[in-house]
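See structure below.
Bear in mind these aren't lab numbers, they're just calculated from the coordinates by the rules spelled out. Bear in mind the structure is a predicted one, so any value in this text is a computation, not a measurement. Note: ideal-geometry Cβ built from the backbone for every residue, glycine included; neighbour counts use all protein chains shown.
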Amino acid sequence: MRVGVVVVSALVLTGTLGACSSEGDDMVGGMTDCTFEAVGEAAEQYAESLGDGNDYGVDNVECADGWAVTSGILGDDSGQGAPTSFIFEAEGQFWVPRTQTDVCGTYEDGSYPADAAIPEELYGIGCLT
C-alpha cells in the first residue's frame, strides 16, 4: 500500500509542477517587451502622473536584464524642458517606474555600488545623469 501512495504522490507532484511552467506562452498576462514603443509609452505615462502639463519626449531607451532606462526631455506645455532619465523594472507585462534612490545603491567613488539593484550596464545612464 505504501508504494502505491508514493507513486500516486509522485504523479500528482509532477503534474502540479508541470502546471507551474514559466515558459512564455503559458504565463498569465504575458511579459513586457523591451522596445522603444513599450518603454517609451510607460515613460510618457509616468511623466504625466508626476503633474499636470508634464510632457516627456523620449529620445533613447536602453535595456538590460529586465530593466530599462529612458532618456529624453521632460517639459511642460510651453515647450520648456530639461534632460531627464527614468528607470523602469519589468514586472510581468508592465514597466514599473523606480527611483534612483531605490535602485542605484550607495554612491561612493563613481564605481558600480555593491548594493545597486539596477544592472551595471544601465548604471551610468540611469544613476549618474
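Data table
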{"quantity": "Neighbourhood charge, 13 Å Cβ-Cβ cut-off, centred on GLU41 and excluding it, Lys, Arg +1 and Asp, Glu -1", "calculated": "-4"}
{"quantity": "Loop chymotrypsin sites (Phe, Trp or Tyr not before Pro), the range 79-127 (other Cβ atoms within 10 Å of the site Cβ: 14 or fewer; DSSP)", "calculated": "TYR107"}
{"quantity": "Hydrodynamic radius by Kirkwood, which averages 1/r over all alpha carbon pairs of the range 73-129, in angstrom", "calculated": "12.7 Å"}
{"quantity": "Label-point separation, GLU37 to GLU121 (7 Å along Cα→Cβ), nm", "calculated": "2.2 nm"}
{"quantity": "Gain in span if fully extended, VAL96 to GLU108, counting 0.36 nm per residue against the direct Cα distance", "calculated": "1.7 nm"}
{"quantity": "Neighbour net charge for ILE87 - beta-carbon separation under 12 angstrom, K R +1, D E -1", "calculated": "-2"}
